[in-house]
Structures are given as C-alpha cells and as structure tokens.
Amino acid sequence: MHIVVCIKQVPDSAQIRVHPVTNTIMRQGVPAIVNPYDLFALEEALRLKDKFGGKVTMLCMGPPQAEDALKKCISFGADDAVLVTDRSFAGADTLATSYALAAAVRQIGKEQKVDIVFTGKQTIDGDTAQVGPGIAKRLGLQLLTYVSRIADLDLENETITVERRAEGGVQVLKTAVPCLITMLEGTNEMRFAPLENMIHAARYPVRKWNKEAAGIEDVTKIGLKGSPTVVSKVFGPTPRAEKALMQSVEDASPRDVSLNVIQKIFTQHPTLERDILAKAAV
Amino acid sequence: MSEAEPKKPAARGGRNLELPEHLKAYKGVWVFIEHDRGEAHSVSWELLGEGRKLADTLGVSLSGVIMGGPDEPLDAIAKEAYSFGAEACYIIRDPVLKGYRNEPFTKGMTDLVNKYQPEIVLLGATTMGRDLAGSVATTLATGLTADCTELRIDPATRALAATRPTFGGSLLCTIMTLAYRPQMATVRPRVMRMPDADTTRTGTIIEDSLGMIETDIVTKLLDFIADENSNKVNLAYADIIVSGGKGLKNPDNFKLIWDLAKVLGAEVGATRPVVQSGWVDAERQVGQTGKTVRPKLYIAAGISGAIQHRVGMEGADVIIAINTDPNAPIFDFAHHGIVGNAMQVLPVLTDTFREHIAMRSRKAA
C-alpha cells in the first residue's frame, strides 16, 4: 500500500506577535513547525502502514527551508519525502496550491501507485480547509473530509469505511480507494520519534522538485498568476467607536467595582436581568 | 470594521484582474441552503440576511439553492427561505441527494452555477459547506474565501470584498475575486446576525434535475449516528457565557470561571491557548478556530482580546472584560472594563451577582 501525506510548514501562530504601532506581523524569531492538524493525518497514515505494510511518502509545497518539516515527518516514521519548491509557486492561493500538489501526487503515483492521500483538516495559518478537497477533485479521488475514524480498510476489494464528522452527528461512509482523507484533529496521538529515526531523518535526502519535476503542465495555473483571489488589503482591527466604561480595582474595592458594573448592565439591559432571574428560579 | 478602499488592486505578476467579457453575464446572489433531517441549518438564514444586503447593493436578485431527496420537505424549506429574503429557490430533488455526499452535491451545485450563472455564491462554513465549497470552487476554477467575518460590495469594482482573519487570527484581510465568476465565500455559523423572518414574503421555485443515478456514485452513506444531546455543549446559542484566558495562570484558577457561570446559569468558554493547554475541552473554544457566539452577556476574564478570539465573540450584546493590563486590546471593544487581577475580581463579582439575584428573587416572590 502506498500512502501520500500532504503537509504544510507554518509559523507557530501561538508565537506570532503584531507590532503595536505599525500593525505589521513580526515574523522574526517565530519558529516554523509542521502544521499541527497535519500530524493527525500522518499518525493515521503510519497506523495504516503498521497494520497493512507499505510505504508513506510525505509531500509539501513551500520554500527550501520547508525541508525541515519533512525531515520531522521522516523522524516519526515516514519513508520518503518530496518538497515541491519553485519560485514560480509563490503567491499561490488555495486553487493554485491544489493544482501544484495534485500534479506532484500524480508524479509520485508514476513511481508507485497511490492508494490513499491524507491531508490535515486545515492549516493553522490559512484555516481554509480548501486544499484537501481541491486535490481530490483534480485527481478524481473520492473525498472524505473531517474523518474521525477509519473503521475498515479492505485492500483486496479496494474499499474503505470511515466515520466522518458532520453537523449534529457522524456519517458512516464507505467508498473505494484511491481516496483522499482529511483527518479530524484529536483523533489520535502522534508517536514519539526514537533517536535512531531522528538521526536517519537528519541525514535523509529530501527530494526537491521544481515545477518541471513536479509535472506542472500549465504554468498559468500556479503561483500568483493561477490564483483567482486577490488580497486587496491587510489591516489591524479598529476599536469600537464608543470606549468601554472603565473601572479599576486601584481606585475602588473589587466589591464596589462589581456592584457598579452589575447595576449598570442591568439598568441598561433589563431583559438580561429578567433572563438571569428566570434561570436562577429554575 | 473599516471601509474597503475604493481603488482597484494593482495587477502583479502579469495576472489579469479585469473581468473577461463572457463572465459579465453572471448576475445574482446565491445562498446554499444546508439542511439535514428535515431542518435547515440556521447559518443559511444568516447568510440570506447578508446576501439580501449584497443583492440590494448590486440591484440583483437573491436566491437559495436547495438539494435533497424527494421525501424531504424542500418546499417548506424554500418557503422559509423566502421569509428570510430569498426571491427564488433552485431545487434539485433526487433520491441520491438524501444525506450529504460530496459527489452528487458537487455535481448539482456546479451544474446549477454553470446553467444559471450567479455572480456570488455563499455557503455556511460547516463540515458540509466547507466540503462542498472547496470542491465546487475547484471544479469551477474560481476564487473561494473561507470563514469571512464581513461581506461587502467594493464600490469601484462591484466585486465581493470578503474580509477574514489571517495570520493565525492576528490581522484581518480583505479578499476579492476580480477576473473569475462566481465569487464564492463561506461564513461560519453565528458570525452574521439572524435576519427577521417575514412570512408574508413569497418567491418562485425553479426545479432542475441532477442527471446522476445511485450506481454512478462511488461513496455510500451507510449510517448516520446522531450526537447525544446530553453531553453536547451548546456554546454557539448560549445567552450568557463566562470565558477565561491564560491570564488566569493555571487550571485551578479556571474554576473561578465555572463558579461565576453556575451563578449566572451560563455556559463556560475559553480562548485557544486555554484549550491547547488542556484546561477545558476543545468544544468550549471561542474564536476563529473555535465557536462563534452571540450571547446577551459575555464576561471575559484574563483574556487579552486577540483578533482570533475577538471575531468569535464581538457580536455579544454586552461584553464585560476583566484584565490587569489597562491597554489590553479587549478594552477596545468591551462595553465594561474592569482593570484588575481576574483571580481577585472574579470571586467578588460572583458573590455580588449571587446576592443581587437572591435579593431580586425575594422581591419578586
């Protein structure tokens, strides 16, 4: 069995700061990590490999330094890694990204037939959840998003049964492989990388593909040129027109501050007080 | 938030930003009406409310798209859609459309768009809407903006200016699809205000067919296991929410949030860092990657007010914020600010609320 897991290298958003005056992103010193949602996809792929054997190939599009993210995945137990990296990919939106990644999956499939493509649910920097479905559509793969459990995989009959998170419940879906699965978060726990794997990963020669190697057929469909969406502006939030009524425990006791705020909100919003009293009466 | 700039973005990297002639025929605003087991998802009505404003600005019509099985109440859902502002509903009734599956829904939506050519298509950012939107936008090769917090028409280009948080929720960006149609966007539940229903409004049904049979579809829906309501946190629809952030320092102090919530009959919410630290379950996360809430009262303790959190709760009627830092961004959009240590203020606030409720209840009795 051959599984391809698509990942993205992202800035650790928990550590991003916005410059208080210029309102620009301060990227300096922010560490780059494997998109955390993608690790649930990788772990699920590794579990399938443990059970059925086969090979897990990692795929990432990004700048040359995204090699580190792929090496990290090798240390967890992935077998091979491809970094699709070319200046002409810069500025890609989700449509252009899925075009490039789909082309690369096709190339990987020429080496060995691909049975399942995994992606994370979404990335933590873009949060769009669009690239997984995009790759599936471009490759004509069955699409299974927000998968919480792989209930059954029958390689002989080439079928897979999964549980998919839906609004208000879980769908049980059965489909054919090859398919593309976007894995829900919190569904498994990433294994630890043993030391020998880490050494192997550090030395692992990640394959770097430019647009020709990735099999890009139409250069008008990649990068900024291939992106229908245009970012017209980036800005910081604006404060509310009327300022908050401020009180400080430096000027009054917490008790007085509490009395004051309770009196104010209930005077301004009498229905709110009625609602709370009604709840308290139950 | 602030006005979209009334100028065209400059063409970069040799890409065309002018709408080609053949796409100028695309007219009208569409909302995908999501429904499951006989009931429409309220995000569809919230989107009709926004869609109505966009359609009025453009001087075009607003329509709903409803797909489902022949035994599902699609006409009743259409009627409801009219009451929320739709003038027409495109309906595809087919046995294979009972229960959401990507393949037939993508085909249905894509075919309708190609045939009737709307300029804007809006979907709820639910597990169904996101699955469908990503597939339809790829098939149509057009632009899709996810999880928008504001939708407007750019006066210069008449294009949809869709604003969403970016960079992990630390800034906002406005995104437009200028040279492609339709312009697609998803919006999360509760982000937009629920419009008022007017049941006197009527509309037209336009029936279409899918042209697909069950044997064409590879993926089979074997079962639907409904969530048990008992252990479901209904944060999105809670009237009162008490939320805590990392300013509470440790999980023990977070109990103060639960104490106040209990007195107010409120739900407990939290910021992303709190959830990531495992102090509370992920289903209690308020913000861009958690739930969007619109309570009557939102009490934020030890929360700085990063955009990622703000977009999830600024629709609250009343926001009380408690923070030690008088310059914390949360005070930019709270209605009442208390500068002080949440660990010190919360117990007193809880007691004062309890006494107030007891006193008022006695008076009422």
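The values are calculated or read from the model by the stated rules, or taken from the named source; none is laboratory data. Nothing here was measured: the structure is a model prediction, and the numbers come from that model. Positions of Cβ are generated from backbone atoms using ideal geometry, with glycine treated the same way; all protein chains shown enter the neighbour counts.
For this structure, a couple of remarks:
- Contacts under 6 angstrom Cβ, first residue in the range B:19-38 being under 14 Å from B:Arg158 (Cα atoms), partner surrounded by 15 or more Cβ atoms within 10 Å (Cβ to Cβ) and charged (D, E, K, R), 6 or more apart: B:Leu23/B:Arg181; B:Tyr26/B:Glu119; B:Tyr26/B:Arg181; B:Lys27/B:Glu119
- Test: B:Ile206 is without any contact (Cβ under 8 Å) to a residue 12 or more places away in the chain and either in contact with a Ser or Thr (Cβ under 6 Å, 6 or more places away or on another chain) or of a type in the set (A, V, I, L, M, F, W, C) (or both): no
- Breaking point among (1) touching a residue at least 40 places away in the same chain (Cβ under 8 Å); (2) touching a strand residue (DSSP E or B) at 6+ places or on another chain (Cβ under 6 Å); (3) under 26 Å from B:Glu267 (Cα atoms), for B:Val218: (3)
- Matching residues, the range A:162-191, being without any contact (Cβ under 8 Å) to a residue 24 or more places away in the chain and either at the interface with chain B (Cβ under 9 Å from one of its Cβ atoms) or over 21 Å from A:Glu43 (Cα atoms) (or both): A:Glu163, A:Arg164, A:Arg165, A:Ala166, A:Glu167, A:Gly168, A:Gly169, A:Val170, A:Gln171, A:Val172, A:Lys174
- Residue among B:Ala141, B:Ala185, B:Ala179 that is at positive phi and of a type outside the set (D, E, K, R): B:Ala141
- Failed criterion for B:Pro326 (all others in (1) in a loop (DSSP other than H, G, I, E, B); (2) more than 9 Å from every other protein chain (Cβ to nearest Cβ) hold): (2)
- In this entry, A:Lys225 passes the filter for residues that are touching a Lys or Arg at 6+ places or on another chain (Cβ under 8 Å), part of a loop (DSSP other than H, G, I, E, B) and under 30 Å from A:Gly91 (Cβ atoms).
- The set of residues in the range B:160-193 being without any contact (Cβ under 8 Å) to a residue 40 or more places away in the chain and either farther than 30 Å from B:Asp239 by Cβ or within 7 Å of chain A (Cβ to nearest Cβ) (or both) consists of B:Thr166, B:Phe167, B:Cys173, B:Ile175, B:Thr177.
- Among the residues of the range B:97-111, those identified as closer than 17 Å to B:Asp131 by Cβ and more than 14 Å from chain A (Cβ to nearest Cβ) are B:Leu97, B:Gly108.
- Qualifying residue in the range A:167-179 (condition: crowded, with 18+ Cβ neighbours inside 10 Å, assigned to a loop (DSSP other than H, G, I, E, B) and of a type in the set (Ser, Thr, Tyr)): no
- Of the strands (runs of 3 or more DSSP E) lying entirely inside the range B:131-207, those containing at least 2 residues that are surrounded by 19 or more Cβ atoms within 10 Å (Cβ to Cβ) and more than 16 Å from the chain's Cα centre (by Cα) are B:160-166, B:171-177.
- Every pair of residues 6+ apart whose Cβ atoms lie under 7 Å, when the first sits in the range A:210-225 and is within 14 Å of chain B (Cβ to nearest Cβ) while the second is hydroxyl-bearing (Ser, Thr, Tyr) and crowded, with 17+ Cβ neighbours inside 10 Å: A:Val219/A:Ser88; A:Lys221/A:Tyr99; A:Ile222/A:Ser88; A:Ile222/A:Tyr99; A:Gly223/A:Ser88
Conditions tested, residue by residue: (1) surrounded by fewer than 18 Cβ atoms within 10 Å (Cβ to Cβ); (2) of a type outside the set (A, V, I, L, M); (3) part of a loop (DSSP other than H, G, I, E, B).
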residue: B:Val43; (1), (2), (3): no, no, no
residue: B:Leu47; (1), (2), (3): no, no, no
residue: B:Glu50; (1), (2), (3): no, yes, no
residue: B:Pro70; (1), (2), (3): yes, yes, yes
residue: B:Ile92; (1), (2), (3): no, no, no
residue: B:Val113; (1), (2), (3): no, no, no
residue: B:Leu122; (1), (2), (3): no, no, no
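- Selection count, the range B:262-291, where residues are touching a Ser or Thr at 6+ places or on another chain (Cβ under 9 Å), part of a loop (DSSP other than H, G, I, E, B) and surrounded by fewer than 24 Cβ atoms within 10 Å (Cβ to Cβ): 1
- Contact map, the range A:252-277: first residue acidic (Asp, Glu), second residue part of a helix (DSSP H, G or I), Cβ cut-off under 8 Å, separation 6 or more or different chains; pairs are A:Glu273/A:Phe266; A:Glu273/B:Arg360.
- Boolean, B:Gly134 is touching a helix residue (DSSP H, G or I) at 6+ places or on another chain (Cβ under 9 Å), without any contact (Cβ under 8 Å) to a residue 24 or more places away in the chain and either outside the structural domain of B:Arg272 (by TED's automatic domain parsing) or β-branched (Val, Ile, Thr) (or both): yes
- Taken together, A:Lys233, A:Lys221, A:Lys243, A:Lys279 contain a single residue that is touching a strand residue (DSSP E or B) at 6+ places or on another chain (Cβ under 6 Å) and among the basic types (Lys, Arg), which is A:Lys233.
- Qualifying residue in the range A:134-147 (condition: in contact with a His (Cβ under 7 Å, 6 or more places away or on another chain) and over 21 Å from A:Leu48 (Cα atoms)): no
- Here the range B:339-354 is the region considered, the condition is being more than 22 Å from B:Pro251 (Cα to Cα) and not basic (Lys, Arg), and the residue that is farthest from the other protein chains (Cβ to nearest Cβ) is B:Phe353.
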